[in-house]
1. I need the full set of residues from the range 126-142 which are closer than 18 Å to residue 177 by Cβ, among the small types (Gly, Ala, Ser) and free of Cβ contacts under 8 Å to residues at least 40 places away in the same chain, in order please.
2. Report, ordered by the first and then the second residue, all pairs with beta carbons closer than 7 Å, sequence separation of six or more or different chains, a first member in the range 207-229 that is closer than 30 Å to residue 114 by Cα, and a second member that is of a type in the set (S, T, N, Q) and assigned to a helix (DSSP H, G or I).
3. Could you please give the count of residues in the range 188-207 that are under 18 Å from residue 136 (Cβ atoms) and either part of a strand (DSSP E or B) or within 15 Å of the chain's Cα centre (by Cα) (or both)?
4. Return the total of residues in the range 1-30 being buried (at least 17 other Cβ atoms within 10 Å of the Cβ), out of contact with any Pro (no Cβ under 7 Å at 6 or more places or on another chain) and assigned to a loop (DSSP other than H, G, I, E, B).
5. If you take the residues in the range 208-230 that are part of a loop (DSSP other than H, G, I, E, B) and out of contact with any Phe, Trp or Tyr (no Cβ under 8 Å at 6 or more places or on another chain), which one is farthest from residue 17 (Cα to Cα)?
6. Take the residues of the range 31-81 that are among the acidic types (Asp, Glu) and closer than 25 Å to residue 134 by Cα: which is surrounded by the fewest Cβ atoms within 10 Å (Cβ to Cβ)?
7. Residues in the range 66-79: is at least one touching a residue at least 60 places away in the same chain (Cβ under 8 Å) and part of a strand (DSSP E or B)?
Amino acid sequence: MPTPTIVLVHGFWGGAAHWAKVIVELDRRGHRGLRAVELPLTSLADDATRTRELVRQIDGPVVLVGHSYGGAVITEAGDLPNVVGLVYVAAFAPDAGESPGRITEEHPPAAVASIEPDPDGRLWVKPELFGESFAQDLPAEESLVMAVTQKAPLGSTFGDTVADPAWRNKPTWYQVSAEDRMIHPDNQRRMAARMQPRTTVELAASHASLASQPAAVADLIEEAVRATAG
């Protein structure tokens, strides 16, 4: 089997560029099959459709990597036959009938009060609280850029449920962020445990582990690529 292409799926309040440091790290290690999805963040169905569109364009196996809400997207979109593995980075991994919102309610995260809606039904992390809520282990300049360039999902997306979770049929890997203030670490541990992943890695990291610890995140992705390359 050829080496899988790595497809990176961002979460709420970020775009594909949130993967910048992981992309550079994987490229430095010789991984040339790298793609990143830009999600519309209008519904789970829309975001899964966009991800499937990209995956279908790839001739060969794919490892899907999801950060945050991107985990729900790869859970919904990972049923395609050329998807050979799923990597979750501080991410939602809903079961059938579950939504990110429902999971969040089980253990509300520390920064839940930092999220506010706008008149158009989109949700934002308050810019002045973005650093301490989303990326407290990044330099202030980096978290400022994330705050100013954040993408706002439609609030209704939080309630969209997964139909048939791909993690029940595909090998998985999970990275827990132990200092996460956006998805409670205990929720991450519970979701990881029920998937029975090949590997679970716990990092002393914020929600933005893909930016604060890109080498460790790349290690986990690389492990998934090696395991699925036959």
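Bear in mind these aren't lab numbers, they're just calculated from the coordinates by the rules spelled out. What you see is a predicted model, and the numbers here were worked out from it, not measured in a lab. With ideal geometry, Cβ positions are generated from the backbone for all residues, glycine too; neighbour counts draw on all protein chains shown.
1. Listed by number, the list holds a single entry, 131.
2. Going by the 7 Å Cβ cut-off, the qualifying pairs are 217/209.
3. We begin by selecting, within the range 188-207, every residue under 18 Å from residue 136 (Cβ atoms); these are 188, 202-207.
Filter once more, keeping what is either part of a strand (DSSP E or B) or within 15 Å of the chain's Cα centre (by Cα) (or both): 188, 202-203, 205-207.
So the answer is 6.
4. Within the range 1-30, residues that are buried (at least 17 other Cβ atoms within 10 Å of the Cβ), out of contact with any Pro (no Cβ under 7 Å at 6 or more places or on another chain) and assigned to a loop (DSSP other than H, G, I, E, B) number 6.
5. At the first step, the residues of the range 208-230 found to be part of a loop (DSSP other than H, G, I, E, B) are 208, 213, 229-230.
Next cut, out of contact with any Phe, Trp or Tyr (no Cβ under 8 Å at 6 or more places or on another chain) only: 213, 229-230.
On the way: 213: 15, 229: 26, 230: 30 Å.
Ranking the qualifying residues of the range 208-230, first place goes to 230.
6. In the first step, residues of the range 31-81 are kept if they are among the acidic types (Asp, Glu); the result is 38, 46-47, 53, 59, 76, 79.
Filter again for closer than 25 Å to residue 134 by Cα, leaving 38, 46-47, 76.
Working: 38: 13, 46: 16, 47: 26, 76: 23.
Filtering first and then ranking leaves 38.
7. Looking only at the range 66-79, we keep the residues that are touching a residue at least 60 places away in the same chain (Cβ under 8 Å), and these are 67-79.
Subset that is part of a strand (DSSP E or B): 67.
Checking the range 66-79: at least one residue is touching a residue at least 60 places away in the same chain (Cβ under 8 Å) and part of a strand (DSSP E or B).
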